[in-house]
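A short worksheet on the structure shown next.
The values are calculated or read from the model by the stated rules, or taken from the named source; none is laboratory data. Computed from a prediction, not measured in an experiment: that's the story for all the values here. No Cβ is skipped: glycine too gets one built from the backbone with ideal geometry, and neighbour counts run over all protein chains shown.
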Amino acid sequence: MTDTQAWSYFLLTTVLALILTIAPMPFDVPEWLRNLKPDWIVLCWFFWVTFQHERCSLIMAFVVGLILDVLYDEPLGINSLLLLALVFAGRLSLRFIQSSVGLRSSITVFILCFFVTATKSLFLLATLDVDIQVSSVVMPPIATLIWWVLLIPILMSEHSQFRDSVQ
Amino acid sequence: MALRSGQTIQNTHLFLALLISSVLLLAVSANTRYLTPIETVIRWLAQPIVYVAHLPANAKEAAGSYVVSMDELHNRNDQLLKDVSRLNATIAELTQAQRTIAELRDALGYVQENTRTQVLSEIVQVNPNRQRLEVIINVGEQQGIEVDRGVLDPWGVYGRTVEVFPNSARVLLLNDERHATPVLVSRTRQYFIASGNGPDEPLTLDNVNLSSDIRVGDTVVTSGLGGVFPEGLVVGIVESVTDVVSESLKRVTVSPIAKVKAKSYLHVISSVEQR
């Protein structure tokens, strides 16, 4: 995979993740099914942090976070902050993941997704004074984890810089 | 590119700078409206993403409206003809009633009367954040819409505008937890506040005394107080009335008449004139 191709794939998957994030579900979808929507941005960015970490620049995380703030109608800065934290924590976790990629990366993605969802929920709770359901905090990390399992084989592919990045 | 040992972030200064910028942005945008122009620019730049994200839903809707059988069209046509006939009769009755009311007001010397103008709009985006029951509609400042204008769907009160952009506006749905509507029970004319309780939950009337005369099936309409909605718009029907003796109150739930989960045309009350 050339550098240009890698950048194209990265940008394409990021845009796709943004689209999937805001794509509306039909009005008649039950609440539990709505909660099963994975956090596509966490999934996409954690994948790229581990697959080819150099793609996920901090400035890019900041800009994508701002776009997400507007798309989600949330105060500017919250998603930038979380995405920067995700990139930071994702890079820190590379060594932890190295010894058992499948299991440890799954644990990491679940924890990171839970952190992102819980932080956002707490922020909404504090600023909007709305009730937060436990399922809306727990279910997205589980859904993200299920999708993550499908991505693990790609992490081990020849194009992955994962092994190099932790040496 | 390998990360050097002990250096997991290539540019710590950049990371800290962006982190501080995010916190500052968050502090400013959560407490003030100074960043609204920046949000508008980003919203404009992100329009292609919003457009593509809504393509499947729009395509489904378009396909549903174009691909119908001839039988179904005939049935709909028959139904529409019946509806037109029924509505014409209702309009005739209402016109007569309106004349009578005008005559009575005239006789009583009552001169103040509210008239309202409405702007037709369409939902272009549903807020993906499930903690916020909001939609974006395709009319805004340039169409004469302002903040805190009532929004109606074909069935009843739908919500109110909370933010207005040049050609769009954000509408807070009436069942959002932040929404409260001054209402009255049309049978008894008692005033209450109807508060939203989130998705799939009925509205509740706040602070209803045990002595209040409210029954299941009563119609709840807007009271006209607060200036957002004129009086008499249907909000919902009383669904249940439960005595909470320990609090000396009644818990009254109201099923909203508006179909907040249906994609329909909305009317925004652009102005309420007094003549």
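Name the strands (runs of 3 or more DSSP E) wholly within segment B:98-157 that hold at least 3 residues that are surrounded by 15 or more Cβ atoms within 10 Å (Cβ to Cβ) and at pLDDT below 90? Outline the logic, then answer.
On the way: elements: B:114-126, B:134-137, B:150-152.
Of the strands (runs of 3 or more DSSP E) lying wholly inside segment B:98-157, those with at least 3 residues that are surrounded by 15 or more Cβ atoms within 10 Å (Cβ to Cβ) and at pLDDT below 90 span B:114-126, B:134-137.
(1) in contact (Cβ under 8 Å) with a residue 60 or more places away in the chain; (2) buried (at least 19 other Cβ atoms within 10 Å of the Cβ): which one isn't true of A:Val87, the others all being true?
Condition (1) is where A:Val87 drops out.
Somewhere in segment B:17-33, is a residue of a type in the set (D, E, K, R) and loosely packed, with under 14 Cβ neighbours inside 10 Å?
So far as segment B:17-33 goes, yes, one or more of its residues are of a type in the set (D, E, K, R) and loosely packed, with under 14 Cβ neighbours inside 10 Å.
For segment B:161-211, give me every one of the strands (runs of 3 or more DSSP E) that falls completely inside it and has 1 or more residues that are more than 14 Å from chain A (Cβ to nearest Cβ) and under 30 Å from B:Glu39 (Cα atoms). Walk me through how you get there before you give the answer.
Numbers: elements: B:169-173, B:180-185, B:190-195, B:203-209.
It comes to B:180-185.
For the structure I just gave you, tell me whether B:Ala2 is of a type in the set (A, V, I, L, M, F, W, C), within 27 Å of A:Phe88 (Cα to Cα), more than 32 Å from the chain's Cα centre (by Cα) and at pLDDT below 80.
Numbers: of a type in the set (A, V, I, L, M, F, W, C): yes; within 27 Å of A:Phe88 (Cα to Cα): yes; more than 32 Å from the chain's Cα centre (by Cα): yes; at pLDDT below 80: yes.
Answer is yes for this residue.
Name the residue, out of A:Trp32, A:Trp45, that is at pLDDT 90 or above and either among the hydrophobic types (A, V, I, L, M, F, W, C) or surrounded by fewer than 23 Cβ atoms within 10 Å (Cβ to Cβ) (or both). Walk me through it before giving the result.
On the way: A:Trp32 fails: at pLDDT 90 or above.
It is A:Trp45.
Which residue is nearest to B:Arg43 (Cα to Cα), if the candidates are limited to segment B:128-145 and must be of a type outside the set (A, V, I, L, M) and touching a residue at least 40 places away in the same chain (Cβ under 8 Å)? Full working, then the answer.
Restricting attention to segment B:128-145, the residues satisfying the condition of being of a type outside the set (A, V, I, L, M) are B:128-132, B:134, B:138, B:140-144.
From what's left, touching a residue at least 40 places away in the same chain (Cβ under 8 Å): B:130, B:132, B:134, B:143-144.
Numbers: B:Arg130: 19, B:Arg132: 18, B:Glu134: 16, B:Gln143: 19, B:Gly144: 21 Å.
Here the residue is B:Glu134.
Step by step: first the residues of segment B:227-257, then only those that are under 15 Å from the mean Cα position of the chain (by Cα) and closer than 17 Å to B:Arg189 by Cα, then the one that is nearest to the other protein chains (Cβ to nearest Cβ). Which residue is that?
B:Gly236
For segment A:28-45, what are the residues that are of a type in the set (A, V, I, L, M) and touching a Cys at 6+ places or on another chain (Cβ under 9 Å)? Please lay out each step first, then the result.
From segment A:28-45, those of a type in the set (A, V, I, L, M) are A:29, A:33, A:36, A:41-43; that's our starting set.
Across segment A:28-45, the qualifying residues are A:Val42, A:Leu43.
Yes or no: B:Ser211 free of Cβ contacts under 8 Å to residues at least 12 places away in the same chain and farther than 15 Å from B:Tyr158 by Cα? Even if it seems obvious, please write down each step before you answer.
Working: free of Cβ contacts under 8 Å to residues at least 12 places away in the same chain: yes; farther than 15 Å from B:Tyr158 by Cα: yes.
So B:Ser211 fits the description; yes.
So, B:Val260, is that one within 16 Å of the chain's Cα centre (by Cα) and part of a strand (DSSP E or B) or not?
Working: within 16 Å of the chain's Cα centre (by Cα): yes; part of a strand (DSSP E or B): no.
Taking the combined requirement at face value, the residue does not satisfy it.
Taking only pairs six or more apart or across chains, which ones have beta-carbon atoms under 7 Å, a first residue in segment B:148-161 that is within 11 Å of B:Val135 (Cβ to Cβ), and a second residue that is of a type in the set (S, T, N, Q) and surrounded by fewer than 20 Cβ atoms within 10 Å (Cβ to Cβ)?
Close Cβ pairs satisfying both conditions: B:Asp153/B:Ser264.
Check off (1) over 17 Å from A:Leu112 (Cα atoms); (2) among the hydroxyl-bearing types (Ser, Thr, Tyr); (3) surrounded by 19 or more Cβ atoms within 10 Å (Cβ to Cβ) for A:Ser8 and give me the number that stays unchecked.
Going through the list (1) over 17 Å from A:Leu112 (Cα atoms); (2) among the hydroxyl-bearing types (Ser, Thr, Tyr); (3) surrounded by 19 or more Cβ atoms within 10 Å (Cβ to Cβ), A:Ser8 breaks only (3).
Here is a list: B:Arg132, B:Arg116. Which entry is within 14 Å of chain A (Cβ to nearest Cβ), among the charged types (D, E, K, R) and within 28 Å of the chain's Cα centre (by Cα)?
Criteria check complete, one pass: B:Arg132.
For segment B:64-84, check the following and say yes or no: at least one residue is within 14 Å of another protein chain (Cβ to nearest Cβ), in a helix (DSSP H, G or I), under 23 Å from A:Met25 (Cα atoms) and in contact (Cβ under 8 Å) with a residue 24 or more places away in the chain. Let's see the steps before the verdict.
Just the residues of segment B:64-84 that are within 14 Å of another protein chain (Cβ to nearest Cβ), to begin with: B:64.
Checking which are in a helix (DSSP H, G or I) leaves us with B:64.
Narrowing the set further to residues that are under 23 Å from A:Met25 (Cα atoms) leaves B:64.
Filter once more, keeping what is in contact (Cβ under 8 Å) with a residue 24 or more places away in the chain: none.
No, because not a single residue in segment B:64-84 is within 14 Å of another protein chain (Cβ to nearest Cβ), in a helix (DSSP H, G or I), under 23 Å from A:Met25 (Cα atoms) and in contact (Cβ under 8 Å) with a residue 24 or more places away in the chain.
Out of the residues in segment B:48-63 meeting the condition of being facing chain A (nearest Cβ under 10 Å) and aliphatic (A, V, I, L, M), tell me which one is nearest to A:Leu20 (Cα to Cα).
Looking at the filtered set, the residue picked out is B:Ala53.
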